Amino acid sequence: MKTRKSKNAARPAKRVKKRATKAPAHAKAAAAGLPEQRPRIGLEALVERVVEHEHTIQSLSPQLPAVFSTPMMIGLMEHATVKAILPELPPGSISVGTRIEVDHLKAVGPGATVIAWAKFIEYRGRFLVFDVEARSGEHLIGRGRVFRAIVHPKEHGEKAKARVEQRKQQ
């Protein structure tokens, strides 16, 4: 009597991958160089501004239209991100902007009220990610993402100063 070999008999046994255990939040924070005390995801803030002539691109060049400038809109959005997490920053630390991904969708002129909104949505390593929007009335005039990092101002300033000194020596 002949026995048949199973098709699977010639195949090597499958390796079973060990599942990584999820590290506690404080361990992830320490590994990413973040302090253990971190702002909670979900924090939000609003910042409001009435557009004045100095907030328009025309203030930079008279031949341009008197509309709210993109840098001013982004600055308002960044202000909202700072305001959102400020109460929960570790003592002695600040946050600094590291990346901006924003679309300026509509123009508004002097006299318009612009409200910028920011919501802290996630950590990506040591970076904090925010969804941001700017609105004027019912109009969405800008939206995107802003990234920030938590730093200690003294160390941050010393590193920047060292880079300047190093550049001077080159």
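The values are calculated or read from the model by the stated rules, or taken from the named source; none is laboratory data. All figures in this text were calculated on a predicted structure; none of them were measured in a lab. So basically every Cβ, Gly included, is an ideal-geometry build from the backbone, and we count neighbours across all protein chains shown.
Quick grid of which residues meet (1) in contact with a strand residue (DSSP E or B) (Cβ under 6 Å, 6 or more places away or on another chain); (2) crowded, with 16+ Cβ neighbours inside 10 Å; (3) at pLDDT below 95; (4) among the hydroxyl-bearing types (Ser, Thr, Tyr):
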site	(1), (2), (3), (4)
Arg19	no, no, yes, no
Leu43	yes, yes, no, no
Leu46	yes, no, no, no
Glu54	no, no, no, no
Met77	yes, yes, no, no
Thr81	yes, yes, no, yes
Val96	yes, no, no, no
Arg99	yes, no, no, no
Gly111	no, no, no, no
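Is it the case that segment 149-159 has a residue that's in contact (Cβ under 8 Å) with a residue 60 or more places away in the chain and either surrounded by 17 or more Cβ atoms within 10 Å (Cβ to Cβ) or part of a strand (DSSP E or B) (or both)?
Within segment 149-159, one or more residues are in contact (Cβ under 8 Å) with a residue 60 or more places away in the chain and either surrounded by 17 or more Cβ atoms within 10 Å (Cβ to Cβ) or part of a strand (DSSP E or B) (or both).
Val82 versus (1) farther than 18 Å from Gln37 by Cα; (2) in a helix (DSSP H, G or I): which is the lone unmet condition?
Unmet for Val82, out of (1) farther than 18 Å from Gln37 by Cα; (2) in a helix (DSSP H, G or I): (1).
Taking segment 113-123 on its own, how many of its residues are hydroxyl-bearing (Ser, Thr, Tyr) and either exposed (fewer than 14 other Cβ atoms within 10 Å of the Cβ) or part of a loop (DSSP other than H, G, I, E, B) (or both)?
The number of residues fulfilling the criteria is 1.
If we scan segment 138-146, do we find a residue that is closer than 29 Å to Pro39 by Cα and in contact with a Gly (Cβ under 7 Å, 6 or more places away or on another chain)?
Yes, the conditions are met somewhere in segment 138-146.
Give the residues of segment 91-101 that are assigned to a loop (DSSP other than H, G, I, E, B) and under 17 Å from Gly157 (Cβ atoms), sorted by residue number.
Selection gives Gly92, Ser93.
Of all residues in segment 86-95, count the ones that are under 17 Å from the mean Cα position of the chain (by Cα) and in contact (Cβ under 8 Å) with a residue 60 or more places away in the chain.
The total comes to 3.
So for segment 124-139 (the condition being loosely packed, with under 12 Cβ neighbours inside 10 Å, within 11 Å of the chain's Cα centre (by Cα) and part of a strand (DSSP E or B)), does at least one residue qualify?
Within segment 124-139 (the criterion being loosely packed, with under 12 Cβ neighbours inside 10 Å, within 11 Å of the chain's Cα centre (by Cα) and part of a strand (DSSP E or B)), the answer is yes, since at least one residue qualifies.
Against the definition (within 15 Å of His152 (Cα to Cα), out of contact with any Leu (no Cβ under 6 Å at 6 or more places or on another chain) and not basic (Lys, Arg)), how does Ile74 come out, yes or no?
When the stated conditions are applied, Ile74 does not pass them.
Could you list, in sequence order, the residues of segment 140-161 that are at pLDDT 80 or above and not charged (D, E, K, R)?
If the condition is that a residue be at pLDDT 80 or above and not charged (D, E, K, R), then Leu140, Ile141, Gly142, Gly144, Val146, Phe147, Ala149, Ile150, Val151, His152, Pro153 are the ones that fit.
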